[in-house]
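Participant: One structure is given below, represented as structure tokens, and several questions about it will come after.
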Amino acid sequence: MLAGTKNYQGIWLDESDPSVVRVIDQNRLPFFFETRELRSVEDVYTAISTMTVRGAPLIGAAAAFGIYLATFELSRNADHVHQLENAARYLVSCRPTAVNLSAALNFVMDRIRNNPADSSLRETALKAALDLCEQEKENCRLIGINGLPLIEDAGKRKNGNPVNILTHCNAGWLASIDYGTALAPVYLAHESGIPVHVWVDETRPRNQGSRLTAWELDQAGVPCTLIADNTGGHLMQHGMVDLVIVGSDRTTIQGDVANKIGTYLKALAAYDNNIPFYSAFPSTTLDFRLNDGLKEIPVEERDEEELVFIEGFNGETIEKIKICPDNVRGANYGFDITPARLIAGLITERGICRPSEKEIRNMFSDKIK
Ligand code: MRU
């Protein structure tokens, strides 16, 4: 997607140095557009855990490239596949909620286990990481196509007025290599000439909404308005939201969705106001082993520092300022679980299904082991 006048995706191999993987530093946006070099497993671990790269599909892609970078660090005397397995075990521990991380690592490690010849390990790992990126891009492109009719239908009821879509966090191309998940149908609607307007939840504590989603939408020329996290319910009560579309970091077989903290409250408000609430994600976000999201999905708890300080731009640099008394502690839960009963549908690369075990099994029977 466009950043300025140039097309980017969230992660890529450096053209001039194949031992370098490049990413956009999401901790610097929207104030500075900078790319970072990843040269080692440790670089990948740090980039994911500090959220230089974030968003479920992008975390997976970064981890996949992490295994490729691990092939540059192999020590001669020990079993190479075993060393890569250790790198995968290390990388999978950097963020707990998005299942794309383990799905991507399993994808690359399966390829390696099936082709363990030392001479081609690096090639195999690189091809697997690149294939994974292409698959995720295609999944997101299809999510856009499958979600578009929802916006088209809402548009028919608006007599030429914009369809108001509320989204939470950042589930755009920055989070997902290209196109986006929740934002893919929005971009497609905008490109097709359907008037759309997006309410962007700021998404405290890290402000992925105000910093990343607002930036992405603005780059693409999609009209949007930033709102404080608590505003969505009020807008819904006053008929100012037609559709809610969010992403997902992990969806269980019964259709419970883990997404950025605050998503559940939007789903409750949408349900109370009869506004359809959709979650959009590629099948790599489905965790077929889990049923009850509330009991079974691990919810990341991050450092309280992200909460007790707020980051902003002072015109020259990004600054952190404290927002509470010194003695007060913060509890920083990264995600919450939206139960299936509050969700109108799941938008995937294969189409839209209801969040029920029956429909998820029907749609993805070939992927369930
Ligand atoms: O903590 P983050 O910024 O990685 O959380 C991201 C989200 O919650 C997104 O909504 C999710 O990853 C959807 S992916 C396109």
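Participant: Would you say L58 is within 13 Å of the ligand (Cβ to nearest atom), in contact (Cβ under 8 Å) with a residue 12 or more places away in the chain and buried (at least 16 other Cβ atoms within 10 Å of the Cβ)?
Facilitator: When the stated conditions are applied, L58 passes them.
Participant: Taking the range 236-274 on its own, how many of its residues are over 17 Å from R157 (Cβ atoms), assigned to a helix (DSSP H, G or I) and among the aliphatic types (A, V, I, L, M)?
Facilitator: Matching residues across the range 236-274 total 4.
Participant: Can you give me the number of residues within the range 338-358 that are in a strand (DSSP E or B) and in contact with a Lys or Arg (Cβ under 9 Å, 6 or more places away or on another chain)?
Facilitator: Of the residues in the range 338-358, the ones in a strand (DSSP E or B) are 338, 345-348, 351-353.
Among the residues that remain, those that are also in contact with a Lys or Arg (Cβ under 9 Å, 6 or more places away or on another chain) are: 338, 345-346.
Residues that pass the stated criteria total 3.
Participant: Same structure again: From the list N274, N362, exactly one residue is under 30 Å from I151 (Cβ atoms), without any contact (Cβ under 8 Å) to a residue 24 or more places away in the chain and in contact with a strand residue (DSSP E or B) (Cβ under 9 Å, 6 or more places away or on another chain). Which is it?
Facilitator: N362
Participant: For the range 181-201: of the residues being of a type in the set (A, V, I, L, M), more than 13 Å from the ligand (Cβ to nearest atom) and not in a loop (DSSP other than H, G, I, E, B), which is farthest from D242 (Cα to Cα)?
Facilitator: L188
Participant: Please identify the pairs in which a residue from the range 325-348 that is more than 15 Å from G262 (Cα to Cα) has its Cβ atom under 6 Å from the Cβ atom of a residue that is aliphatic (A, V, I, L, M) and more than 14 Å from the ligand (Cβ to nearest atom), counting only partners at least 6 apart or on another chain.
Facilitator: G330/V308; G345/I352
Participant: Which one is nearest to V23 (Cα to Cα) among residues in the range 61-96 that are among the β-branched types (V, I, T) and surrounded by fewer than 20 Cβ atoms within 10 Å (Cβ to Cβ)?
Facilitator: Here is the first cut: in the range 61-96, the residues among the β-branched types (V, I, T) are 67, 71, 81, 92.
Filter once more, keeping what is surrounded by fewer than 20 Cβ atoms within 10 Å (Cβ to Cβ): 81, 92.
On the way: V81: 26, V92: 19 Å.
The residue in question is V92.
Participant: Only one of N259, N274 is away from the ligand (no atom under 16 Å from the Cβ) and not basic (K, R); which?
Facilitator: When all the criteria are applied, what remains is N274.
Participant: Determine the pairs where a residue that is part of a loop (DSSP other than H, G, I, E, B), located within the range 220-231, has a partner that is hydroxyl-bearing (S, T, Y) with Cβ atoms under 8 Å apart, the partner being 6 or more residues away or on another chain.
Facilitator: Partner pairs satisfying both residue conditions: V222/Y187; D229/T203.
Participant: Here's something else I'd like to know. Would you confirm, using the coordinates I've provided, whether T50 is over 20 Å from D14 (Cα atoms), within 16 Å of the ligand (Cβ to nearest atom), at pLDDT 95 or above and surrounded by fewer than 18 Cβ atoms within 10 Å (Cβ to Cβ)? Full working, then the answer.
Facilitator: On the way: over 20 Å from D14 (Cα atoms): yes; within 16 Å of the ligand (Cβ to nearest atom): yes; at pLDDT 95 or above: yes; surrounded by fewer than 18 Cβ atoms within 10 Å (Cβ to Cβ): yes.
Taking the combined requirement at face value, the residue satisfies it.
The values are calculated or read from the model by the stated rules, or taken from the named source; none is laboratory data. If you're wondering where the values come from, they're calculated on a predicted model, not measured in any experiment. Cβ atoms come from the backbone with ideal geometry, glycine included; neighbour counts cover every protein chain shown.
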